[in-house]
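To start, the structure under review is shown below, and the notes come after it.
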Amino acid sequence: MANDPVHSYLEARNQFDLANRNAETLISLIRQVGNVNWRELMVANCDGGFPAEIAMRQGTPTIDARAWPTGQQIADVLIAWHNANLAVRNMWEHVPKDLRGGLRPPNS
């Protein structure tokens, strides 16, 4: 089974799908504040205190520091995605064309 190119591709595809979901989740979190006016933005659950006019205002856009990834965590997710993307493309090249019929190609 280890030398079966279809099985190897499907394993790589599963790893890519997981890495893709992780990256999409991360990017979604980052995009939540992407278009926010940073002058009104607040970070909760961190050291330091924001002025009351920001903290008490209804609808103040807020980042939860406990949920926000570190730079290293962002890098790890993106590196995992790129590695999984490369692996699934490489495994696809090893699947003979006559066996690709029922398989989802890497870029789908």
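The values are calculated or read from the model by the stated rules, or taken from the named source; none is laboratory data. What you see is a predicted model, and the numbers here were worked out from it, not measured in a lab. All Cβ positions, even for glycine, are placed from backbone atoms using ideal geometry, and neighbour counts span all protein chains on display.
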| task | Examine the range 40-49 for a residue that is part of a loop (DSSP other than H, G, I, E, B), at pLDDT 90 or above and of a type in the set (S, T, N, Q), and state whether such a residue exists. | result | yes
| request: State which residue is surrounded by the most Cβ atoms within 10 Å (Cβ to Cβ) when the search covers only the range 1-58 and only residues that are of a type in the set (S, T, Y) and within 30 Å of K97 (Cβ to Cβ). | output: Y9
| How many residues does the range 51-66 contain that are farther than 16 Å from S28 by Cα and acidic (D, E)? | 1
| query | Just checking, which of P51, P61 is free of Cβ contacts under 8 Å to residues at least 40 places away in the same chain and in contact with an Asp or Glu (Cβ under 8 Å, 6 or more places away or on another chain)? | reply | P61
| Residues that are of a type outside the set (A, V, I, L, M), in contact with a helix residue (DSSP H, G or I) (Cβ under 9 Å, 6 or more places away or on another chain) and within 23 Å of V77 (Cα to Cα), drawn from the range 15-55 | Q15, F16, D17, N20, N22, T25
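What do you reckon, is A65 small (G, A, S) and under 27 Å from the mean Cα position of the chain (by Cα)?
Criteria met by A65.
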| In the range 68-93, which residues are under 11 Å from L26 (Cβ atoms) and either among the small types (G, A, S) or in contact with a strand residue (DSSP E or B) (Cβ under 6 Å, 6 or more places away or on another chain) (or both)? | A75, A80
| task | With the condition kept exactly as written, say whether any residue in the range 69-79 is small (G, A, S), surrounded by 14 or more Cβ atoms within 10 Å (Cβ to Cβ) and modelled with pLDDT of 90 or more. | result | no
| note | Those residues of the range 90-103 that are surrounded by 13 or more Cβ atoms within 10 Å (Cβ to Cβ) and outside any helix (DSSP H, G or I) come to a total of 3
